[in-house]
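Colleague: Below is the structure I would like to discuss, written out as structure tokens.
Nothing in this text is a laboratory measurement; each read-out follows from the coordinates by a stated rule. Model, not experiment: these values are computed from the prediction. We place every Cβ from the backbone using ideal geometry, glycine too, and count neighbours over all the protein chains shown.
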Amino acid sequence: MTKASQSLKANYQEALRALRTSTSCVPIPNRRPYQVELAIGELIQLAINLQAAKSRDPSRSPPVELKILTGNCANRFYGCTANLPLFEEFLRLGGRVRVLVWNEWFNPEDRRLLSLLRKLDSAKAQIRFSYEKKFDGDDVLHFLLIDNVAYRYETTRHDDNIIEGEDMEPEIPAIICFNDPTGAEVLSQNFEILWLHAETRDTDFAASPVAIQPSHK
């Protein structure tokens, strides 16, 4: 197991934070597991700040929405001790989360973020499953999107196992941008197309506390 040094992590987080607080439109590479964890944390912090501003001014609606398109909602990134409390804070402030798990087989029972979301009203959180790996024969690339503003977007499809505590492998090529409304709008449109497709499948996770079984339709 390979660990990143604390200075390496601190330098990368400092670069992310500088871009977040400056509302820069410059994208930054994001590929190592430790970078993914830090990037998701900074994106959720941006979502918290945006939602807090809306909470102070009720006329600013609707709430900020996170759209997550993922293959397995790995605890390493979404349910870790650093990031799960950020999701909780975002939801406490009135934010909204939708998660679309795009995979042909998936057991959601041990995913901490999904366990958190499934306790909430559908107005605050929704989860859907695809039960397939491709869409119209094409790979589905994963991303996390904050409204039509910021995102982390994976540039290639990967199916490697994510190992808890491993900082350097596997590589997951992606970019993160804190201020790109044009690119975010494209991702949002893609998410809605896939979201509607998943709706046609047998995916009522909220009504089924046991492991989801793959669809054979």
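Colleague: Would you check which residues across region 168-189 are of a type outside the set (Phe, Trp, Tyr) and within 15 Å of THR23 (Cβ to Cβ) and list them?
Modeller: ILE176, CYS177, ASN179, ASP180, PRO181, THR182, GLY183, ALA184 - these are the residues of region 168-189 that are of a type outside the set (Phe, Trp, Tyr) and within 15 Å of THR23 (Cβ to Cβ).
Colleague: For region 53-72, how many residues are in contact (Cβ under 8 Å) with a residue 60 or more places away in the chain and of a type in the set (S, T, N, Q)?
Modeller: Total meeting the criteria: 2.
Colleague: Scan region 140-180 for residues that are exposed (fewer than 15 other Cβ atoms within 10 Å of the Cβ) and on the phi > 0 side of the Ramachandran plot and jot them down.
Modeller: Within region 140-180, GLY165 is the sole residue that qualifies.
Colleague: Any residue at all in region 1-9 that's part of a helix (DSSP H, G or I), hydroxyl-bearing (Ser, Thr, Tyr) and either surrounded by 20 or more Cβ atoms within 10 Å (Cβ to Cβ) or touching a Leu at 6+ places or on another chain (Cβ under 8 Å) (or both)?
Modeller: No, region 1-9 has no match at all.
Colleague: Additional query: Scan region 119-127 and tell me whether some residue there is farther than 25 Å from VAL26 by Cβ, within 17 Å of the chain's Cα centre (by Cα) and either of a type in the set (A, V, I, L, M) or buried (at least 21 other Cβ atoms within 10 Å of the Cβ) (or both).
Modeller: yes
Colleague: Report yes if some residue within region 36-52 is within 20 Å of PRO170 (Cα to Cα), surrounded by fewer than 18 Cβ atoms within 10 Å (Cβ to Cβ) and in contact (Cβ under 8 Å) with a residue 24 or more places away in the chain; otherwise report no.
Modeller: Looking for residues that are within 20 Å of PRO170 (Cα to Cα), surrounded by fewer than 18 Cβ atoms within 10 Å (Cβ to Cβ) and in contact (Cβ under 8 Å) with a residue 24 or more places away in the chain, one finds none in region 36-52, hence no.
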